[in-house]
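One structure is given below, encoded as structure tokens.
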Amino acid sequence: MKLFKKFTVTALTAVIAVTASFAGVAAAADTLKGKITINGSTALLPLTLQAAKEFQKLHPKVKIAASGKGSVTGPQAVKKGIADIGACDWDASMDVPGFKAFDGQVANKVAVIPFATIVNKNVGVDNLTTAQLAGIYSGKITNWKEVGGSDANIVVITRAFGSGTRVNYQAKALGGGDIVKKEKNYKETGSSGDMKTAVATTPNAIGYIDLVYVTGSDIKAVKHNGVAATTDNVINGSYKVWAYGYYMTKGQPTGATKEFIEYVQSKKFQNGSLKKLKFIPIAAMKG
Amino acid sequence: MGAPLQSLASKAPKKAEHSILNDKRHKRHLLGNTLSRYYFFFSILALCFVLGLVIVFIGKTALLLFGEVSPAEFFLSFNWTPEEDIFGAAAFIVNTLSLTALTLLIAVPVSVGMAVLCAEIAPKWMKSFIRPVLDLLVGIPSIVYGYLGLTVLLPFLRRVSGEGLGDGILAAALVLALMVLPTICRISDDAIVAVPRKYRDAAYALGSTRLQVIMRVVLPAAKRGIISAIILGMTRAVGETMAVVMVIGNTPQLAKSLFTPSSVLTSNIVMQISNVEFDSTWNHALHMMAFLLLLISFVLILIIRVLGRKREDA
């Protein structure tokens, strides 16, 4: 009984000590205050939400509100002063096809997003070159036999204009080639999920998607110029179809916003939660 | 309401206390009546106010478009290439109208037929089965219909037609028809049930067959209800977005055949609005398309109301 009592007292003391020390740490970090509003890319949203959760634990006085709508709304919201951070799948401080540069905005790299070309499981083709893909998406190649498959019409599935995935895919996988709408065998989808379902259920279909979505047996990722779409190949530099995800800010970030971006870029977050969400740490890329 | 209550109150009192009690009750009733009248009045006023705001705000943004693009281009051009500043919405308008027409063409005969079956022909156990099933169908979210269309209907259409994709206004019309069917059917059903029994009895007494009774007596008598059922179904078909987006193909071009991947006003708005900059011509064009949808459903409702009234008079 005496032993038990002693044990309880020790345990209680320990708990109080630990709590006190934690409170001390929190109090020390509490100097950081502020409100961060984040808007933009839905692809980066899971990463943003996870980072916000962890950051708010460290700095309870910082309020973070994050939402996703579409890549271009990120820099747009920053420009209008609605958001402090605009998440965007491309570097919006530079011109990309269809979108002009946002002047005075700084692009902060936060993650690496790999993309993959996917085809329906009935398609016999395993490898496509940049030229072949550009031909398919510009409507010059319309039959699978022209790229080494069976005699069947290619069904092209693409994302709507302005999608971050589309912007990046066009720049990296098609070598800047156009995506041209066609009378038939051409379909636009509104989200990554729709894209996956459409390619999975349409025979002879080709599409493109974030690499993390490539699961299941109804779709398969094809090699790009002979290189398989894997995170390892992205890191070692042989697979070229990937892009940085950016946090756009008006000028250089300051205060809580700066701290938050630095937290997302920190080794701890990059190698921990970010990897768990199947993004690739920016430090893994050479150049 | 006031008059019968008053006469009741004046007949009832025999003793003085009773009369006071009734008087109090009467006043309470009057107060309740007045209050509820005000409540209903303000409800309708609030509704009109909100509707007005919606029209004003969408319209305001929409009309900015015509400072940048000529109405002639917007309404008459079939070329929608907003990334190159070409905003012709005629294809969407025509597609919306033809999709709605096709949907009704499929849904109305089937659903009115089912309503007749439910109300006139089916035995009791069948009615008590069909009606709850139809009510359930209304509650299914439209995106689920769209997903089923994408994963079940499209592969089927591909097999039947030999098309590569199968997307187009036929697929969209089939999905929409299934969605509006319970609405049209249940409201027509109620309208048919509400036709007084004596009409049928009289027709039968004159020696009509059952088909004659249904076609010549019951359906004409229930016409008003059936028409409002069709209106409700149609407005749902015009405005439906999520289910259509998944099966129509989303390519901004005129639907020249049943299987041409195309786009309607709603599906084009939902596909593009999140990828478009605020305050751009493109955004204003999308608002104009929303405004147009509002006008289209308004005009369609108006036309059918006028038609319904004319036939009623004749």
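Can you go through B:Thr209, B:Thr183 and tell me which one is under 30 Å from B:Asn268 (Cα atoms) and not hydrophobic (A, V, I, L, M, F, W, C)?
After applying the criteria, what remains is B:Thr183.
When only residues in the range A:181-198 that are of a type outside the set (Asp, Glu) and at pLDDT 90 or above count, which is nearest to A:Gly70 (Cα to Cα)?
Result: A:Thr189.
Please enumerate the residues belonging to the range B:237-251 that are surrounded by 20 or more Cβ atoms within 10 Å (Cβ to Cβ) and under 15 Å from B:Leu97 (Cα atoms).
Residues satisfying the conditions are B:Ala237, B:Val238, B:Glu240, B:Val244, B:Ile248.
Report every pair of residues separated by at least 6 positions or lying on different chains whose Cβ atoms are under 7 Å apart, first residue within the range B:139-158 and at pLDDT 95 or above, second of a type in the set (D, E, K, R) and in a helix (DSSP H, G or I).
Once the first residue is at pLDDT 95 or above and sits in the range B:139-158, no partner that is of a type in the set (D, E, K, R) and in a helix (DSSP H, G or I) comes close enough.
How many residues does the range A:262-277 contain that are out of contact with any Pro (no Cβ under 9 Å at 6 or more places or on another chain) and part of a loop (DSSP other than H, G, I, E, B)?
2
Collect the residues in the range B:281-314 that are within 14 Å of another protein chain (Cβ to nearest Cβ) and modelled with pLDDT under 85, keeping them in residue-number order.
Matches in the range B:281-314: none.
Would you pick out the residues in the range B:31-59 that are small (Gly, Ala, Ser), under 30 Å from B:Phe278 (Cα atoms) and modelled with pLDDT under 95?
B:Gly52, B:Gly59
A quick yes/no check of all residues on (1) within 14 Å of chain A (Cβ to nearest Cβ); (2) among the acidic types (Asp, Glu); (3) more than 21 Å from B:Leu102 (Cβ to Cβ):
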site	(1), (2), (3)
B:Val152	yes, no, no
B:Val180	no, no, no
B:Cys185	no, no, no
B:Tyr204	no, no, yes
B:Leu211	no, no, yes
B:Lys223	no, no, yes
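Can you name every residue in the range A:204-215 that is within 13 Å of chain B (Cβ to nearest Cβ) and either free of Cβ contacts under 8 Å to residues at least 40 places away in the same chain or buried (at least 24 other Cβ atoms within 10 Å of the Cβ) (or both)?
A:Ala205, A:Ile206, A:Gly207
If you take the residues of the range A:119-160 that are in contact with a Ser or Thr (Cβ under 7 Å, 6 or more places away or on another chain) and surrounded by fewer than 18 Cβ atoms within 10 Å (Cβ to Cβ), which of them is farthest from A:Gly216 (Cα to Cα)?
Filtering the range A:119-160 for residues that are in contact with a Ser or Thr (Cβ under 7 Å, 6 or more places away or on another chain) and surrounded by fewer than 18 Cβ atoms within 10 Å (Cβ to Cβ), the one farthest from A:Gly216 (Cα to Cα) comes out as A:Asn153.
Go through the range A:59-77 residue by residue and tally those that are under 18 Å from A:Ser163 (Cα atoms) and either among the small types (Gly, Ala, Ser) or more than 16 Å from the chain's Cα centre (by Cα) (or both).
Residues meeting the conditions: 7.
Quick check on my filter: what residues within the range B:221-273 are closer than 27 Å to B:Phe87 by Cα, without any contact (Cβ under 8 Å) to a residue 40 or more places away in the chain and either part of a helix (DSSP H, G or I) or acidic (Asp, Glu) (or both)?
Matches in the range B:221-273: B:Ser267, B:Ile269, B:Val270, B:Met271, B:Ile273.
Only one of B:Thr241, B:Thr251 is under 30 Å from A:Lys181 (Cα atoms), among the β-branched types (Val, Ile, Thr) and in contact with an Asp or Glu (Cβ under 8 Å, 6 or more places away or on another chain); which?
B:Thr251
Restricting the search to the range A:68-90, which residues are closer than 14 Å to A:Ala51 by Cβ and either within 12 Å of chain B (Cβ to nearest Cβ) or without any contact (Cβ under 8 Å) to a residue 60 or more places away in the chain (or both)?
Answer for the range A:68-90, where residues must be closer than 14 Å to A:Ala51 by Cβ and either within 12 Å of chain B (Cβ to nearest Cβ) or without any contact (Cβ under 8 Å) to a residue 60 or more places away in the chain (or both): just A:Gly68.
If the Cβ limit is 6 Å and pairs must be 6+ apart or interchain, which residue in the range B:58-85 that is closer than 16 Å to B:Thr251 by Cβ pairs with which residue that is in a helix (DSSP H, G or I)?
The qualifying pairs are B:Phe78/B:Ala90; B:Phe78/B:Ala91; B:Pro82/B:Trp282.
Please give the strands (runs of 3 or more DSSP E) falling wholly within the range A:91-203 in which 3 or more residues are within 11 Å of chain B (Cβ to nearest Cβ).
Once the strands (runs of 3 or more DSSP E) in the range A:91-203 are filtered for at least 3 residues that are within 11 Å of chain B (Cβ to nearest Cβ), what remains is A:155-159, A:186-189.
Residue under question is A:Gln56, and the condition is that it be within 16 Å of the chain's Cα centre (by Cα), farther than 24 Å from A:Val167 by Cα and assigned to a helix (DSSP H, G or I); does it hold?
no
So for the range B:96-114 (the condition being surrounded by 12 or more Cβ atoms within 10 Å (Cβ to Cβ), farther than 23 Å from B:Val238 by Cα and of a type outside the set (Asp, Glu)), does at least one residue qualify?
No, that holds for no residue.
Which of the residues spanning the range A:75-90 are in contact with a Phe, Trp or Tyr (Cβ under 8 Å, 6 or more places away or on another chain) and not in a loop (DSSP other than H, G, I, E, B)?
If the condition is that a residue be in contact with a Phe, Trp or Tyr (Cβ under 8 Å, 6 or more places away or on another chain) and not in a loop (DSSP other than H, G, I, E, B), then A:Pro75, A:Gln76, A:Val78, A:Lys79, A:Lys80, A:Ile85, A:Gly86, A:Ala87, A:Cys88 are the ones that fit.
Any idea which of A:Thr215, A:Thr201 is modelled with pLDDT under 90 and out of contact with any Cys (no Cβ under 6 Å at 6 or more places or on another chain)?
When all the criteria are applied, what remains is A:Thr215.
Can you tell me which of (1) surrounded by fewer than 24 Cβ atoms within 10 Å (Cβ to Cβ); (2) within 14 Å of A:Lys182 (Cα to Cα); (3) more than 9 Å from chain A (Cβ to nearest Cβ) is the one B:Ile269 doesn't meet?
(2)
So for the range A:234-241 (the condition being under 15 Å from the mean Cα position of the chain (by Cα) and either buried (at least 18 other Cβ atoms within 10 Å of the Cβ) or in a helix (DSSP H, G or I) (or both)), does at least one residue qualify?
yes
For the range B:154-178, which positions are within 12 Å of chain A (Cβ to nearest Cβ) and either of a type in the set (Gly, Ala, Ser) or on the phi > 0 side of the Ramachandran plot (or both)?
B:Ser161, B:Gly162, B:Gly164, B:Gly166, B:Gly168, B:Ala171
Within the range A:162-177, restricting attention to residues that are surrounded by fewer than 21 Cβ atoms within 10 Å (Cβ to Cβ) and farther than 22 Å from A:Val125 by Cα, which residue is modelled with the lowest pLDDT?
Restricting to residues being surrounded by fewer than 21 Cβ atoms within 10 Å (Cβ to Cβ) and farther than 22 Å from A:Val125 by Cα, the top hit is A:Gly176.
Where in the range B:99-195 are the helices (runs of 4 or more DSSP H), entirely inside, with at least 1 residues that are over 29 Å from A:Thr142 (Cα atoms)?
Fully inside the range B:99-195 and qualifying: B:124-139, B:142-148, B:169-193.
Restricting the search to the range B:237-253, which residues are of a type in the set (Val, Ile, Thr) and within 11 Å of chain A (Cβ to nearest Cβ)?
Within the range B:237-253, B:Thr241, B:Val245, B:Val247, B:Ile248, B:Thr251 qualify.
Which numbered condition in (1) surrounded by fewer than 22 Cβ atoms within 10 Å (Cβ to Cβ); (2) within 23 Å of B:Pro141 (Cβ to Cβ); (3) within 14 Å of chain A (Cβ to nearest Cβ) is the only one that B:Ser263 fails?
(1)
Condition first: surrounded by fewer than 20 Cβ atoms within 10 Å (Cβ to Cβ) and either within 30 Å of A:Ser150 (Cα to Cα) or more than 18 Å from the chain's Cα centre (by Cα) (or both). Can you find one or more residues in the range A:274-287 that meet it?
Scanning the range A:274-287, I find at least one residue that is surrounded by fewer than 20 Cβ atoms within 10 Å (Cβ to Cβ) and either within 30 Å of A:Ser150 (Cα to Cα) or more than 18 Å from the chain's Cα centre (by Cα) (or both), so the answer is yes.
The values are calculated or read from the model by the stated rules, or taken from the named source; none is laboratory data. The structure presented is a predicted model; accordingly, all values stated were derived computationally and were not measured. Ideal geometry is used to build each Cβ from the backbone, glycine not excepted, and the neighbour counts take in all protein chains shown.
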